[in-house]
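The values are calculated or read from the model by the stated rules, or taken from the named source; none is laboratory data. The model shown is predicted, which means the values in this text are computed figures rather than measured ones. Every residue, glycine among them, receives a Cβ derived from its backbone with ideal geometry; neighbour counts consider all protein chains shown.
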Amino acid sequence: MLRFAAIGLDHRHIYHMVAELIAAGAQCAGYCPETSDPRVLDGFRERFPTLQPVARERLLEDPTIDIICSAAIPRDRAGIAIRAMSNGKDVMVDKPGVTTSQQLAEVTECVARTGRIFSICFSERFVVRASEIAAKLVAEGAIGEVVNTVGLGPHRLNRAIRPGWFFERAAYGGILVDIASHQIDQFLFYTGAGDAEIVAASTANHALPEIPDFADFGEILLRSDSATGYIRVDWFTPDSLPSWGDGRLTLLGTKGFIELRKYLDIAGRPGTDHVFVSNHAGTRHIDASREPLTYFGRFLVDVRERTGTAASQAHVFAVTRLSLEAEAMASRSREPQPR
């Protein structure tokens, strides 16, 4: 049985990473209790009361541990991953996996040198059951060739409970590096593109003039040899919405389209994971809420067999590079205005 440990309990995404690895058949050997947000640690202990805290160095140096998973402060994830890979372990990190081009170069070198796996858990695809159904439909040719995607990633700010680093661009990498990496991942995956070009990108701070370094809105236009995509991300989800964000993905094909309403069908059907398909055969709704997730099980297979079925290393690096390029070239469309 593969064994893993959790290092970097700074973001709540660590909960589903640990839970899904356990559900896929891995054994958790412990976790490092160091955190920048005690509330995340409290939530972790509540969800996993039988897991034991272990010093970080012991986890990194333990030869019986195969995998390190991490949802540390984004600027720290690359360093943790490099330490883990240099100690013979494969790595699964929360997005964004890196926050600078220098970090990407260092991680890329470490992967080449050690032969270890550096995987990023793009949760808006890997932990969304509707995404699994969409992947099957695209593979079956239900909408023909995918020629355009529109990915929307709205989020609730929850400002009162966010740690200080959340608003520091150097810590989280910028809104396009952080959130929009999800939508870049989806563009490449569903269009089958190995790479793409950032055509245009912009960010803005519309609502937080007292935090000028923060961006609460971002957008990207990108294209590959055969498809184009538009991405919009923001921190404007109202408290009244029964989800942290009305995440959507539309896949336009040459024979129809698919729309994913990932977290709610607004003012419509209850629950999550709604898929709408329209093609020459008709229009229908699919309840994807019971569709199995595949990323975590495939990741464990990759660790055992040294393959790349969960997400190829080239794909992970392409998504990361494109998000960094988008952030670097983004024009600031609106500066915060004092109230």
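Remarks
- Single unsatisfied condition, Y230 versus (1) part of a strand (DSSP E or B); (2) more than 24 Å from I133 (Cα to Cα); (3) not β-branched (V, I, T): (2)
- Among residues of region 33-49 that are more than 8 Å from D10 (Cα to Cα), those with a beta-carbon under 7 Å from a residue that is at pLDDT below 95 and assigned to a helix (DSSP H, G or I) at least six positions away or on a different chain give the pairs R39/I161.
Let's see how each residue does on (1) crowded, with 22+ Cβ neighbours inside 10 Å; (2) over 21 Å from the mean Cα position of the chain (by Cα):
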{"position": "G229", "(1), (2)": "yes, no"}
{"position": "F236", "(1), (2)": "no, no"}
{"position": "D239", "(1), (2)": "no, yes"}
{"position": "G245", "(1), (2)": "no, no"}
{"position": "L251", "(1), (2)": "yes, no"}
{"position": "G256", "(1), (2)": "no, yes"}
{"position": "R269", "(1), (2)": "no, yes"}
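- Subset of region 107-116 [touching a helix residue (DSSP H, G or I) at 6+ places or on another chain (Cβ under 6 Å) and of a type outside the set (S, T, N, Q)]: V107, C110, R116
- Checking R304, R339, R284, R269 one by one, the residue that is among the basic types (K, R), touching a Pro at 6+ places or on another chain (Cβ under 8 Å) and either at pLDDT 95 or above or assigned to a loop (DSSP other than H, G, I, E, B) (or both) is R339 and no other.
- Of everything in region 36-69 that is among the aliphatic types (A, V, I, L, M) and within 21 Å of the chain's Cα centre (by Cα), the residue that is nearest to G164 (Cα to Cα) is V40.
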